[in-house]
1. Give the peptides 41-51, 56-66 in descending order of average Cβ contacts within 10 Å, highest first.
2. Ordered by residue, what ³J(HN,Hα) values in Hz, to whole numbers, does the range 27-41 give under the Karplus form 6.51 cos²θ - 1.76 cosθ + 1.60, where θ = phi - 60° and Gly and Pro are x?
3. Using each residue's phi in the range 54-65, evaluate 6.51 cos²θ - 1.76 cosθ + 1.60 at θ = phi - 60° and report the 3J(HN,Hα) Karplus result to the nearest Hz, with x for Gly and Pro.
4. For Glu75 and Leu32, what does the FRET efficiency come to when R0 = 30 Å and r is the distance between their Cβ atoms, rounded to the nearest 0.05?
5. Restricting to Cα pairs below 8 Å that are 6+ residues apart, what does the relative contact order work out to for the range 2-86? Please round to a whole percent.
Amino acid sequence: MIMLATFGLLVGAVLAQRFKIMTLIPVTAMMLVPVAGVGIAQDYTAWWMVSAIAAASASLQAGYVIGLVMRHVLEAPRGEADALRSGTSVRRPAR
């Protein structure tokens, strides 16, 4: 289950870099199929499969939030760096 949660975090972080929040709904539905398949193949109980699906969904959403924060942190200094390179001020001119 730890590997599933780690995979969900990574997938969520990657999705945050490219897509909007509505992507989480179909991706969560797509994760449901392999988790249920593994649970059936390994003869796990229904409660294990429900908890695994919940863990995968929660880690996917947490990874998405982490990816959004990373994108915000990495893109924030870009405006200041461009202004410094061009020699203009980031602030508005005083009137």
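Quick note: the coordinates plus some simple rules give every number you see, no bench work behind them. As the structure is a prediction and not an experimental result, all values here were calculated from the model. Glycine also receives a Cβ, built like all others from the backbone with ideal geometry; neighbour counts cover every protein chain displayed.
1. Working: 41-51: 11.4, 56-66: 18.9.
Per-residue Cβ counts within 10 Å, averaged per peptide and sorted highest first, yield 56-66, 41-51.
2. 5, 5, 5, 5, 6, 5, 5, x, 5, 5, x, 5, x, 6, 5
3. Going residue by residue, I get 5, 5, 5, 5, 5, 5, 4, 5, 5, x, 5, 5 Hz, with x marking Gly and Pro.
4. Values: r = 32 Å, r/R0 = 1.08.
Efficiency for this residue pair is about 0.40.
5. Values: 69 pairs, mean separation 43.3, N = 85.
About 51 percent, as a whole number.
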